[in-house]
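The values are calculated or read from the model by the stated rules, or taken from the named source; none is laboratory data. On a predicted model such as this, the values are computed, not experimentally measured, just so you know. Because the Cβ atoms are built from the backbone with ideal geometry, glycine has one as well, and the counts that use them run over all protein chains shown. When the accessible area is computed, the model is the full protein with side chains, heavy atoms only, and any ligands, DNA or RNA have been set aside. Shrake-Rupley method; radii C 1.70, N 1.55, O 1.52, S 1.80 Å.
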Amino acid sequence: MLDLMIIHHYDSSMTIKQFNSDEQRVKIFKALAEVKRIEILRYLYHDKNKHTCGDIEESLGMNKSNRSYHLKILGEAGLIDVKRHGQYKFITINEDIFHELLPGFLATL
């Protein structure tokens, strides 16, 4: 759900109110500012299966701590969903966020 920007007119000046989605946008752009995270998103987008952390690590040639760091940032930005099932964590791309805040971006991956 996109927040609408409210502009209040007071004489000849105006003020613009900041919304919580602005903070999410900042997190998204910071998350997308790293090549490895874009590679993770590309991998998840083109292979629609649910992937474990180990799948991502193996497919992209990452070590565990590096992979965990990048997944944490992507998760905090809302770009991926992480679901635990037993001892495994399954990762999927959160396409709704992309369609809502970055329409057309996924088609460029």
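Could you please let me know if ARG37 is over 18 Å from GLU100 (Cα atoms), at pLDDT 85 or above and not in a strand (DSSP E or B)? Full working, then the answer.
Values: over 18 Å from GLU100 (Cα atoms): yes; at pLDDT 85 or above: yes; not in a strand (DSSP E or B): yes.
Yes: the conditions hold for ARG37.
Among residues belonging to the stretch 94-109 that are free of Cβ contacts under 8 Å to residues at least 60 places away in the same chain and surrounded by 13 or more Cβ atoms within 10 Å (Cβ to Cβ), point out the one that is nearest to ARG25 (Cα to Cα).
PHE98
Among residues of the stretch 25-34 being open to solvent by 60 Å² or more (accessible area, probe 1.4 Å) and part of a helix (DSSP H, G or I), the one that is nearest to ARG84 (Cα to Cα) is LYS27.
Scan the stretch 46-56 for residues that are assigned to a helix (DSSP H, G or I), surrounded by 15 or more Cβ atoms within 10 Å (Cβ to Cβ) and not acidic (Asp, Glu) and jot them down.
Keep residues of the stretch 46-56 that are assigned to a helix (DSSP H, G or I), which gives 46, 53-56.
After this cut, where a residue has to be surrounded by 15 or more Cβ atoms within 10 Å (Cβ to Cβ) as well, the list is 53, 55-56.
CYS53, ILE56, listed by residue number.
Applying the criterion of being over 21 Å from LYS27 (Cα atoms) and of a type in the set (Gly, Ala, Ser) to the residues of the stretch 57-75, the residue that is surrounded by the most Cβ atoms within 10 Å (Cβ to Cβ) is SER59.
Residues in the stretch 76-93 that are open to solvent by 30 Å² or more (accessible area, probe 1.4 Å) and not in a strand (DSSP E or B): how many? Please lay out each step first, then the result.
Residues of the stretch 76-93 open to solvent by 30 Å² or more (accessible area, probe 1.4 Å): 76, 81-90, 92.
Subsequent filtering for residues that are not in a strand (DSSP E or B) retains 76, 86-87.
So the count comes out to 3.
Inspection of the stretch 48-71 finds a residue satisfying the criterion of being out of contact with any Pro (no Cβ under 9 Å at 6 or more places or on another chain) and closer than 21 Å to SER21 by Cα.
Answer yes or no as to whether TYR43 is open to solvent by 20 Å² or more (accessible area, probe 1.4 Å), within 21 Å of THR108 (Cβ to Cβ) and assigned to a helix (DSSP H, G or I).
Values: open to solvent by 20 Å² or more (accessible area, probe 1.4 Å): yes; within 21 Å of THR108 (Cβ to Cβ): yes; assigned to a helix (DSSP H, G or I): yes.
Yes: the conditions hold for TYR43.
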